[in-house]
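Step one of this worksheet: look at the structure below.
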Amino acid sequence: MSKPFLSVENLTQIYPDGQGGDLTVFEDATFGVEKGEFVVILGHSGCGKSTIMNILAGLAEPSSGVVKMDGFEVSGPSLDRGVVFQNYSLLPWLSTLKNVTFGVAARHPEWSRQQVIDHSKNYLAMVGLEGDVIHRKPSQLSGGMRQRVSIARAFANHPKLLLLDEPFGALDALTRGTIQDELLKIWGGTEQTVFMITHDIDEAILLADRILLMSNGPFARVAESVEITIPRPRNRTDIVEHANYYAIRNHLVHFLGQRSKEISGKAKGSATNRPETVRIDRTGPAADGPGDAPRRLRAVIT
Amino acid sequence: MAKLSLNQRAALLSVILLVVTILIWEAAIPAQQAVGELTEYERLTGGGAPRAGVPAPSQVIVKAWEELSNPFYDAGPNDKGIGIQIGYSLYRVLTGYLLAALVAIPLGFLIGMSQVAFKALNPFIQVLRPISPLAWMPLALFIIQDSEASAIFVIFICSIWPMLINTAFGVAGVRQDWVNVARTHELGHLRTAFTVILPAAAPTIVTGMRISIGIAWLVIVAAEMLVGGTGIGYYVWNEWNNLDLTSVVFSILMIGIVGMLLDCAFGVVQRAVAYVE
Ligand SMILES: Nc1ncnc2c1ncn2[C@@H]1O[C@H](COP(=O)(O)OP(=O)(O)O)[C@@H](O)[C@H]1O
Ligand SMILES: [Mg+2]
């Protein structure tokens with residue numbers, strides 16, 4: 001089997017627990033992400049999702065294990081890995097436009113001032129920010145607009161891997177929906193590989209090619225890799241009609257509601273540390289028999 | 001009558017307060033001078049000597065008019081225009097202050113970035129900071145052997161602490177998120193310092209600079225009273241020796257006005273670097 005574009009191998013993170021002991025947040029996390037894939041990681045708060053993302057970004061070092069991208073080991077942050085932080089992380093003293101040109105100028109030092117500005121304006125327009133707003137400071141924008149700027153900044157740099165840490169967590173449901181659609185639209189036009197964290201199941205199904213499910217910490221594991229067998233382009237109102245939608249959704253709800261607890265807290269010992277691949281498809285000719293449980297319809301273990 | 005805005009009402013009240021204060025002051029003066037004329041001291045100093053009494057505001061205004069209509073005259077070491085004296089003071093303050101900024105801001109950056117540097121330098125800062133700047137004067141005079149440079153040194157030493165401490169706190173307090181933005185954009189140390197940390201810490205740094213310039217202006221008056229020769233501090237002291245209280249009151253007002261202008265200048269800078277998170 002050839003190595004995937006991004007390969008995470010035996011990642012373990014141990015923090016001091018504050019009482020002189022150790023806290024193993026997650027252990028032996030191993031998974032891969034293919035080029036152009038949209039992977040969402042879903043898990044309860046505290047299981048170590050942000051920690052994994054910071055390691056992928058190169059902002060933090062794991063206690064052990066390696067991350068390889070394109071065959072090279074990740075060490076330290078790089079322009080090849082763009083990050084959209086949960087709290088947007090815009091620089092408040094710069095205007096909206098300058099927050100984007102800041103990144104573009106770092107990526108393309110050889111470009112002229114005008115090139116940088118034009119490129120940045122294009123990407124701001126893609127997330128619906130045009131005209132006077134782009135000269136406003138982040139403090140004069142709504143939360144949704146700020147997150148749009150942050151997304152534009154990340155996409156404008158064409159990173160090989162785009163990392164998003166609960167990008168819509170702080171937004172109201174309506175705004176979140178709009179920006180999810182915008183994200184899908186921009187992503188659809190690129191070959192961008194995306195790795196995103198969320199705790200919103202519907203958001204995960206709408207956006208992902210594949211969802212990684214994490215069990216609860218400590219000793220969290222990346223337990224399952226669930227394929228989203230709903231064709232693209234997707235649209236929030238249509239996907240709920242799809243035969244696979246509720247099957248997948250129920251599987252995820254069941255995992256987060258019950259199994260994530262059951263399989264947590266267990267130290268190493270599983271035969272394999274790779275996540276179990278789960279493929280749920282009710283549309284195929286080999287349709288499920290009448291006696292099938294509603295949850296795990298077809299689990300193909302690879 | 002149309003309603004006055006908040007600012008208009010405040011300005012009106014200020015003017016009323018000023019007029020009332022001046023009137024009370026003016027009215028209080030003749031009585032005091034009448035008493036003054038009877039004192040033993042007055043008679044002993046002789047009738048020809050200038051009278052030492054608190055001047056009336058009208059006298060101060062006349063004095064101010066005289067001085068300000070020809071601020072830069074120079075008639076020998078003991079008789080220079082107020083403009084020249086203030087110029088000397090500003091020159092000393094700004095020289096000492098700029099030297100202090102050149103040391104304090106880079107050093108503050110270092111301390112703010114490095115916990116080791118902070119812990120290592122903190123004891124020195126804590127001991128040196130509470131020392132009255134004038135306490136350095138004898139040592140400075142002995143070592144530097146030059147009163148001009150000693151005055152500048154005293155300004156240097158008093159302006160350094162607020163700038164140093166504020167820069168260190170400002171830099172240490174820069175949000176990790178913003179530093180991470182710089183890191184994910186592969187900015188080098190120098191570019192991170194100038195494009196992220198400096199603007200992020202600028203409001204705190206400028207606040208320190210504003211405190212420093214205020215202290216420097218307070219200290220220069222005292223320092224010039226000690227070293228003598230030129231400057232607004234020396235001018236005050238010299239006019240006191242001449243028993244010319246009108247000039248003393250006038251120069252006190254000038255000290256206040258120049259100090260306010262310096263503070264306003266930094267207020268403008270502060271507003272320019274401020275940002276809302
Ligand atoms: N720097 C740190 N020192 C000690 N413990 C930490 C540190 N960062 C995170 N943790 C712990 O690691 C666990 C996982 O945190 P995090 O990755 O933020 O979780 P998630 O993003 O999934 O909510 C939490 O229990 C948190 O308390
Ligand atoms: Mg998190």
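The values are calculated or read from the model by the stated rules, or taken from the named source; none is laboratory data. Keep in mind the model is a prediction, meaning the values are calculated, not measured. Neighbour counts are summed over all protein chains in view; Cβ atoms, including those assigned to glycine, are modelled from backbone coordinates with ideal geometry.
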Query raised in the report: What do you reckon, is B:R210 touching a residue at least 24 places away in the same chain (Cβ under 8 Å) and away from every other protein chain (no Cβ under 14 Å)?
Result: yes
Query raised in the report: Looking at segment B:146-215, what helices (runs of 4 or more DSSP H) fall wholly within it and have at least 3 residues that are of a type in the set (A, V, I, L, M, F, W, C) and touching a helix residue (DSSP H, G or I) at 6+ places or on another chain (Cβ under 8 Å)?
Result: B:147-172, B:176-184
Query raised in the report: Of the numbered conditions (1) farther than 25 Å from A:H199 by Cα; (2) under 20 Å from the mean Cα position of the chain (by Cα); (3) within 14 Å of ligand 1 (Cβ to nearest atom), A:V40 satisfies every one except a single condition; which is it?
Result: (1)
Query raised in the report: When the residues of segment A:160-174 are filtered to those that are within 16 Å of ligand 2 (Cβ to nearest atom) and among the acidic types (D, E), which remaining residue is farthest from the other protein chains (Cβ to nearest Cβ)?
Result: A:E166
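Residue by residue, here is whether (1) in contact with an Asp or Glu (Cβ under 6 Å, 6 or more places away or on another chain); (2) touching a residue at least 40 places away in the same chain (Cβ under 8 Å); (3) in the same structural domain as A:G257 (by TED's automatic domain parsing); (4) within 16 Å of ligand 1 (Cβ to nearest atom) holds:
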{"residue": "A:F5", "(1), (2), (3), (4)": "yes, yes, yes, no"}
{"residue": "A:F26", "(1), (2), (3), (4)": "no, yes, yes, yes"}
{"residue": "A:A29", "(1), (2), (3), (4)": "no, yes, yes, yes"}
{"residue": "A:G32", "(1), (2), (3), (4)": "no, no, yes, no"}
{"residue": "A:S45", "(1), (2), (3), (4)": "no, yes, yes, yes"}
{"residue": "A:I52", "(1), (2), (3), (4)": "no, yes, yes, yes"}
{"residue": "A:A57", "(1), (2), (3), (4)": "no, yes, yes, yes"}
{"residue": "A:S63", "(1), (2), (3), (4)": "no, yes, yes, yes"}
{"residue": "A:K68", "(1), (2), (3), (4)": "no, yes, yes, no"}
Requested in this report: Kindly indicate the residue of segment A:258-273 that is surrounded by 11 or more Cβ atoms within 10 Å (Cβ to Cβ), in a loop (DSSP other than H, G, I, E, B) and among the small types (G, A, S) and also modelled with the lowest pLDDT among those meeting that condition.
Outcome: A:S270
Query - Given (1) modelled with pLDDT of 90 or more; (2) in contact with a Gly (Cβ under 7 Å, 6 or more places away or on another chain), number of the condition B:F72 does not satisfy - result: (1)
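The rows are residues; the columns are (1) within 16 Å of ligand 2 (Cβ to nearest atom); (2) assigned to a helix (DSSP H, G or I); (3) within 19 Å of A:S150 (Cα to Cα).
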{"residue": "A:R176", "(1), (2), (3)": "no, yes, yes"}
{"residue": "A:I179", "(1), (2), (3)": "no, yes, yes"}
{"residue": "A:L183", "(1), (2), (3)": "no, yes, yes"}
{"residue": "A:T190", "(1), (2), (3)": "no, no, yes"}
{"residue": "A:I197", "(1), (2), (3)": "yes, no, yes"}
{"residue": "A:E203", "(1), (2), (3)": "yes, yes, yes"}
{"residue": "A:L206", "(1), (2), (3)": "no, yes, no"}
{"residue": "A:L212", "(1), (2), (3)": "yes, no, no"}
{"residue": "A:G217", "(1), (2), (3)": "yes, no, no"}
Report task. Quick one: which residue in A:D118, A:D165, A:D132 is among the charged types (D, E, K, R) and within 23 Å of A:I41 (Cβ to Cβ)? Result -> A:D165
Report summary line: For segment B:216-242 the number of residues that are outside any helix (DSSP H, G or I) and either buried (at least 18 other Cβ atoms within 10 Å of the Cβ) or touching a helix residue (DSSP H, G or I) at 6+ places or on another chain (Cβ under 8 Å) (or both) is 4
